[in-house]
1. Count the net charge of all other residues whose Cβ sits under 11 Å from the Cβ of A:Y298, scoring Lys and Arg as +1 and Asp and Glu as -1.
2. Which cross-chain or sequence-distant (5 or more) residues have an amide H under 5 Å from the amide H of B:V188, H modelled 1.01 Å from N in plane?
3. What FRET efficiency do you get for B:S299 and B:L208 if R0 is 41 Å and r is their Cβ-Cβ distance, rounded to the nearest 0.05?
4. Roughly how many debye, to the nearest 20, is the charge dipole of segment A:1-76 about its Cα centre, given +1 on each Lys and Arg Cβ, -1 on each Asp and Glu Cβ, and no other charges?
5. Along the Cα→Cβ direction, 7 angstrom out, place labels at B:H226 and B:A306. What is the inter-label distance in nm?
6. At most 13 other Cβ atoms within 10 Å and a DSSP loop assignment: could you name the GluC sites (Glu not before Pro) in segment A:215-255 that fit?
7. Compute the label-point distances linking A:D193 to its equivalents in the other copies; points lie 7 Å from Cα along Cα→Cβ; give nm, one decimal, shortest first.
8. To the nearest 0.05, what FRET efficiency results for B:D193 and B:A248 with a Förster distance of 35 Å applied to their C-beta separation?
There are 2 protein chains.
Amino acid sequence: MPALADGVRGGDVRSIAKALTLVEGDPGTRKGLVGDLFPHTGGAHIIGMTGPPGVGKSTIVDAMITVLRERGERVGVIAVDPTSPFTGGAILGDRIRMVEHSTDPEVFVRSMGSRGSLGGLGPATADAVTVLDAAGFDTILVETVGAGQAEVDIVRASHTTLVVEVPGLGDDVQVMKAGLMEIGDVFVVNKADRPDADRLVVQLESLLSLMDRDEWVPPVVKTVGHDPGTLTNLMKAIADHREYLEGAGIDARGRTIADHWMRLLIEEQALERVIGRMGDGEYSEMVDRVVSKELDPYSAVDDLFARYFST
Amino acid sequence: MPALADGVRGGDVRSIAKALTLVEGDPGTRKGLVGDLFPHTGGAHIIGMTGPPGVGKSTIVDAMITVLRERGERVGVIAVDPTSPFTGGAILGDRIRMVEHSTDPEVFVRSMGSRGSLGGLGPATADAVTVLDAAGFDTILVETVGAGQAEVDIVRASHTTLVVEVPGLGDDVQVMKAGLMEIGDVFVVNKADRPDADRLVVQLESLLSLMDRDEWVPPVVKTVGHDPGTLTNLMKAIADHREYLEGAGIDARGRTIADHWMRLLIEEQALERVIGRMGDGEYSEMVDRVVSKELDPYSAVDDLFARYFST
């Protein structure tokens with residue numbers, strides 16, 4: 001589909017929108033497009049953002065868009081909603097808060113569901129980043145709500161990962177943080193106009209000091225999301241991390257991203273080849289035999305591999 | 001490993017602990033054990049529990065254990081911590097709040113990490129449920145923190161899914177709920193002694209009334225986690241749902257569970273066969289070629305399947 005790829009590379013908004021819809025579809029269709037675009041990627045800085053619900057991530061994204069636009073950058077945003085795989089996602093729809101940028105042709109915002117993917121963000125997110133990267137966006141923000149797999153995946157999909165926290169959340173938040181501490185390159189204390197913000201900064205810094213990290217020590221920065229003027233330290237931290245990556249070789253992060261993407265595709269193709277070729281009826285019969293305890297799932301899967309892959 | 005399987009079936013605590021450690025390991029080792037135990041499963045009612053951080057899920061689990069023990073049931077608990085795949089999990093460790101049951105041999109509590117699995121809860125959780133089911137526990141509670149993939153997976157691993165909410169959380173919680181509404185069989189409003197609890201109950205009920213569900217209408221029940229006396233409605237709702245499933249054929253839910261488990265195993269085995277057999281060096285070279293844009297990931301994966309699977 002070279003015409004569509006050309007449109008994307010030329011930054012044509014309709015082509016980009018069409019390409020993003022296409023990569024949410026089945027692998028057979030998106031493969032050609034991604035193959036065409038892939039050699040033209042690598043220009044964008046990919047920033048992942050995660051954190052618990054209610055911390056104001058979308059507000060920060062909005063403020064970052066404002067700051068980046070002032071610098072003349074083109075900005076792409078992918079908001080992944082992992083809460084609605086059953087409906088195919090996009091419950092967040094076109095987020096109201098980003099409407100102020102909706103008339104700016106140099107800003108492209110897209111909401112995606114995780115589409116029943118078994119792998120958190122799934123390959124469609126990586127493909128969507130490829131589309132925006134090839135379209136020449138300077139910064140690509142990938143935002144996801146929630147804890148768990150999507151948070152892990154965001155590290156494996158971005159150059160710089162921001163973890164957003166907020167003062168005064170519930171009681172097992174401290175426990176949550178233990179997991180989040182491992183994934184952030186930059187920690188953001190949002191709603192920093194609240195009285196206990198400084199206490200949270202100190203807590204995060206002391207937790208970080210206990211960890212065995214490589215030479216990059218993640219900074220903790222304060223923001224007030226609805227005031228883009230408070231983003232100076234955040235933007236500096238992102239620039240510092242980018243500089244660090246370039247020094248240490250951005251390829252190391254690039255390898256993580258490529259490796260993760262390939263693993264997602266291997267999983268997806270394996271399912272497609274086994275279940276797709278088998279036909280629903282036959283696979284269904286096998287599931288029935290597992291339900292009736294006639295066959296255990298490991299033996300079932302061994303049987304599938306023996307039948308469909310001669311290795 | 002029939003000796004270990006016998007120990008598990010006899011309810012021997014050390015055998016159960018050993019078996020649970022084994023299923024967290026590599027597929028080759030756990031396969032035999034799961035195969036031995038699998039025909040002896042199906043007796044337990046599997047209850048999944050999820051909800052945002054800070055809602056008091058562990059406190060409810062604790063209270064449920066108390067109530068179920070009073071009825072003479074044996075209870076198994078698997079607390080999955082998806083926040084720490086990098087360390088292999090178990091940051092939650094042996095939860096302090098469950099210590100009061102730690103001397104009761106009829107209660108078995110185990111924390112698991114999601115162990116870098118690409119699939120949320122991962123196959124190890126399904127295997128751990130199999131171990132506890134074969135060991136004769138009447139009720140198995142699977143608890144997970146957070147939103148996203150783990151929440152989806154919990155539906156695909158349990159007969160009855162509880163979604164726990166609490167009055168007065170942050171601003172995108174309403175959005176989160178849209179995703180959560182789809183997965184709950186029973187909704188629990190915890191910390192119901194707070195003033196705005198009834199308002200949340202009404203909100204949830206009205207959201208539920210808008211949804212296109214099958215004949216089971218998920219009830220909304222109130223609890224005060226630290227007071228097991230407040231669990232009467234919750235326990236009744238769980239019993240009602242179980243009765244409903246048995247009427248509608250528990251096999252429908254059983255099929256979902258078996259299908260999901262098989263998909264996880266197909267994914268895992270595909271990765272193992274491709275990357276495992278290829279050898280780290282050769283796979284690594286392929287990743288390098290993707291990083292340098294010489295090869296796109298789709299073509300790379302096509303190449304892998306062509307080499308390692310003759311289809």
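1. -4
2. The answer is B:V163, B:V164, B:E165, B:V221.
3. It comes to 0.30.
4. Magnitude of the dipole: close to 40 debye.
5. 6.5 nm
6. Of the GluC sites (Glu not before Pro), the ones in loops of segment A:215-255 whose Cβ has at most 13 other Cβ atoms within 10 Å are A:E215.
7. Copy-to-copy label distances for A:D193: 3.5 nm.
8. Efficiency, rounded to the nearest 0.05: 0.50.
Computed from the coordinates by the stated procedures, all read-outs in this text should not be read as laboratory data. Since the structure is predicted, the reported quantities are computational estimates derived from the model, not experimental observations. Positions of Cβ are backbone-derived with ideal geometry, glycine not excepted, and every protein chain shown enters the neighbour counts.
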